[in-house]
Amino acid sequence: MSIWDWYYVWEALPFLYRGAVITVQATLIGFAIALVLGLIFALIRQSNNRIVNNAMAETVEFIRSTPLLLQIFFVYFVGPQFGIVIPAWVAGIGVLGIHYAAYCSEVYRAGIEAVDGGQWEASIALNLSRARTWRVIILPQAIPPIVPGLGNYFIGMFKDTPILAAIAILEMLQQAKNFGAENYRYIEAITMAGFFYLVFSLIASVIVQAVSYWLNRRYHLQ
């Protein structure tokens, strides 16, 4: 038996395609959740209320300090004991989004705190509301420089999607393993799955760099 057989590559492709669709969907939806929640977490951290600020800081630290797999297990397997039954797909993507929101919030916070404090003083002098100041002055300056950092977490989430197999979500790597188990040939399916992860990550990296460059040019930050 040869080490590599192209026949099994072509046979594995339908399995990998089905898994790739799940993987990409989980990444895109999960990261959309992470971007929105991460920004909300970061804005709450800017509160002048020390109790609110500290509570949010501790929540973010707790999420960041516990394993993603443990969080998924807790929501999916422990939740039903308290009457909280969540479908695997919702639980998996939701936990992915919340977990990475904690990391994204720190990236947002770094960008916000890097904006010159004089911008707030100028907005007050112009009698701008706090909401308008955030929307048209602070965030347009804070977000472009942190796009590469957010992009790193996007790629990181993509590479973490195999964890979803722990709650029976058939993402790409699990589909590759299933194909190997059915055909007693793992090398082709696993290698092709790894190749897809590599290609997706490289393409995402190029897109992130292009978006970062465009935003910096748009807001004259370069």
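The values are calculated or read from the model by the stated rules, or taken from the named source; none is laboratory data. If you're wondering where the values come from, they're calculated on a predicted model, not measured in any experiment. Because the Cβ atoms are built from the backbone with ideal geometry, glycine has one as well, and the counts that use them run over all protein chains shown.
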From ALA42, ALA12, ALA91, residue being on the phi < 0 side of the Ramachandran plot, touching a Ser or Thr at 6+ places or on another chain (Cβ under 7 Å), surrounded by 15 or more Cβ atoms within 10 Å (Cβ to Cβ) and of a type in the set (Gly, Ala, Ser): ALA42
Condition broken by ALA176, with the remaining ones in (1) under 30 Å from SER105 (Cβ atoms); (2) touching a residue at least 12 places away in the same chain (Cβ under 8 Å) satisfied: (1)
Per-region count, the stretch 110-130, residues free of Cβ contacts under 8 Å to residues at least 40 places away in the same chain and either within 30 Å of ILE93 (Cα to Cα) or outside any helix (DSSP H, G or I) (or both): 10
Only listed residue being within 15 Å of the chain's Cα centre (by Cα) and either assigned to a helix (DSSP H, G or I) or among the hydroxyl-bearing types (Ser, Thr, Tyr) (or both), chosen from THR161, THR133, THR191: THR161
Inter-residue pairs, beta-carbon under 6 Å, first touching a residue at least 60 places away in the same chain (Cβ under 8 Å) and in the stretch 90-109, second among the charged types (D, E, K, R) and in a helix (DSSP H, G or I), 6+ apart: ALA102/ARG64; ARG109/ARG45
Hits in the stretch 43-68 (condition: small (Gly, Ala, Ser) and either within 24 Å of the chain's Cα centre (by Cα) or assigned to a helix (DSSP H, G or I) (or both)): ALA55, ALA57, SER65
Any hit, the stretch 103-122, residues being within 16 Å of THR161 (Cα to Cα), at pLDDT 95 or above and aliphatic (A, V, I, L, M): no
Residue check, TYR103 closer than 16 Å to LEU170 by Cα, part of a helix (DSSP H, G or I) and not aliphatic (A, V, I, L, M): no
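Yes or no, residue by residue, for (1) aliphatic (A, V, I, L, M); (2) closer than 22 Å to SER65 by Cβ; (3) in contact with a helix residue (DSSP H, G or I) (Cβ under 7 Å, 6 or more places away or on another chain); (4) surrounded by 11 or more Cβ atoms within 10 Å (Cβ to Cβ):
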{"position": "VAL95", "(1), (2), (3), (4)": "yes, yes, yes, yes"}
{"position": "TYR100", "(1), (2), (3), (4)": "no, yes, yes, yes"}
{"position": "CYS104", "(1), (2), (3), (4)": "no, yes, yes, yes"}
{"position": "TYR108", "(1), (2), (3), (4)": "no, yes, yes, yes"}
{"position": "ASP116", "(1), (2), (3), (4)": "no, no, no, no"}
{"position": "ALA125", "(1), (2), (3), (4)": "yes, no, no, no"}
{"position": "ARG130", "(1), (2), (3), (4)": "no, no, no, yes"}
